[in-house]
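Have a look at the structure below before the remarks.
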Amino acid sequence: KGRAEGAKVVTGGNAHKHGKGYFIEPTIFDDVTPEMTIAREEIFGPVLSVIKVASADEAVRVANDTQYGLAASIFTANLGKAHRIARDIRAGTVTINCYGEGDITTPFGGFKLSGFGGRDKSLHAHDQYTELKTIWADISDPKVSRAVD
């Protein structure tokens, strides 16, 4: 679909029947525009779509102009700018100058349609398996006077 809409395959892009599944080799698309299907739909596979932008503000607009928000990565030598951009991007995980999910103590989950309202890993994962409930009850003896001395 990426090729058909005008994106350029830099590497990969070939499907392989391997064992009991359907596989695609790691693929990089260049010259992708935000309107293309490969930029609008969440692809669960080793596919990278490169969208060129003119500024950090445009990068944030493009990143947020989607119904998904699982993860994003920022690569720059300017850490102050990276933190501002990371704050503005609506994604569950934003990495700076690396890519990864962290470890078991780091909450993981997405925003928008990439999320389900909860987080995997960390103490926050317990929230999705529990419901909080508050019950107030007066357990004082009704025969005892409540008068203040």
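The values are calculated or read from the model by the stated rules, or taken from the named source; none is laboratory data. What you see is a predicted model, and the numbers here were worked out from it, not measured in a lab. Virtual Cβ from ideal backbone geometry, glycine too; neighbours counted across all protein chains shown.
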For segment 49-61, indicate whether the set of residues that are out of contact with any Pro (no Cβ under 7 Å at 6 or more places or on another chain) and at positive phi is non-empty.
no
Being in contact with a Ser or Thr (Cβ under 8 Å, 6 or more places away or on another chain), in a loop (DSSP other than H, G, I, E, B) and acidic (Asp, Glu) is true for just one of 131, 42. Which residue is that?
42
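Here's the yes/no breakdown for (1) within 13 Å of the chain's Cα centre (by Cα); (2) outside any loop (DSSP other than H, G, I, E, B); (3) exposed (fewer than 15 other Cβ atoms within 10 Å of the Cβ):
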residue: 83; (1), (2), (3): no, yes, yes
residue: 100; (1), (2), (3): yes, no, yes
residue: 104; (1), (2), (3): no, no, yes
residue: 126; (1), (2), (3): no, yes, yes
Based on this model, can you work out whether residue 63 counts as within 26 Å of residue 6 (Cβ to Cβ) and surrounded by 12 or more Cβ atoms within 10 Å (Cβ to Cβ)?
yes
Only one residue in 51, 74, 85 is farther than 23 Å from residue 3 by Cα, at pLDDT 95 or above and hydrophobic (A, V, I, L, M, F, W, C), so which one is that?
85
Out of the residues in segment 1-39 meeting the condition of being of a type in the set (Lys, Arg) and outside any loop (DSSP other than H, G, I, E, B), tell me which one is surrounded by the most Cβ atoms within 10 Å (Cβ to Cβ).
8
Give the residue, chosen from 120, 30, 103, that is modelled with pLDDT of 95 or more and not β-branched (Val, Ile, Thr).
30
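The rows are residues; the columns are (1) in contact (Cβ under 8 Å) with a residue 12 or more places away in the chain; (2) in contact with a Lys or Arg (Cβ under 7 Å, 6 or more places away or on another chain); (3) not hydrophobic (A, V, I, L, M, F, W, C).
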position	(1), (2), (3)
16	no, no, yes
46	yes, no, yes
69	yes, yes, yes
72	yes, no, no
For segment 130-139, check the following and say yes or no: at least one residue is touching a residue at least 12 places away in the same chain (Cβ under 8 Å) and over 22 Å from residue 30 (Cα atoms).
no
